[in-house]
1. Just tell me which lysines come within less than 25 Å, Cα to Cα, of Lys125; anything on the same chain fewer than 8 places away is out.
2. Starting with the highest mean, order 27-38, 121-132, 97-108 by the number of other Cβ atoms within 10 Å, averaged over the residues of each peptide.
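Values in this text are rule-based calculations from the coordinates and carry no lab data. Being a predicted model, the structure only gives us computed values, none of them experimental. FYI the Cβ positions are ideal-geometry reconstructions off the backbone, even for glycines, and counts take in every protein chain you see.
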Amino acid sequence: SGPKGYKLPFFQENLPLFTMIIGLVIIMLWYWTLISVLTARRRATGLAEVATRDLRKFKLAVEGVNDHVVITDSEGIIVYANGAATRITGYSKKEMLGKRPSLWGKQMPESFYKKMWRTIKTEKKPFYGQLTNKRKSGELYDAEITISPIFDERGELVYFVGIERDITREKALERMKTEFISLASHQLRTPLSAVKWFGGMLLAGDA
């Protein structure tokens with residue numbers, strides 16, 4: 001107690017009320033934070049479930065195709081390979097994951113790969129081309145490839161999706177057709193040359 005007529009400052013006089021108000025604000029903030037965390041966790045769980053379902057559908061779809069499909073991170077490290085990739089290259093998925101596609105590549109001139117990386121990483125455009133790769137057995141094969149960069153919602157590069165089609169048989173047939181036409185043309189040209197020569201002799205009166 002103090003001298004008669006002494007009045008406590010406003011803050012001290014209302015300290016219990018302020019303490020209660022501050023306590024209520026802290027409780028409300030804690031409750032709001034808890035609700036936000038639970039909501040964010042529920043949303044994240046839902047997105048994860050959707051992503052898992054989508055990934056499962058993607059795998060079911062991609063595993064059934066005949067084309068070799070790989071997904072790499074932004075640095076070209078393989079994070080996914082389908083069954084056709086193992087069948088075409090001869091490498092198992094375990095051997096592929098964590099490696100680069102150069103595992104079965106590196107058969108083209110350096111300029112080819114420089115152009116490829118410039119297109120997909122610097123220009124951020126899909127790359128199309130034909131190249132020669134090597135199977136695990138050492139056998140070379142011809143392939144047609146499409147590499148597409150994948151971006152997140154902020155436009156940041158996150159993945160590359162590469163689709164490779166083995167065109168060894170088609171290229172072999174194309175070479176056979178070209179060789180056949182060249183041979184047929186040569187074989188037809190030989191008797192025609194003789195006919196022309198003999199016709200010239202007839203016209204000149206030499207035969």
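1. Here the lysines satisfying the reach criterion relative to Lys125 are Lys59, Lys99, Lys106, Lys114, Lys115.
2. My ranking of the peptides, most packed first, is 97-108, 121-132, 27-38.
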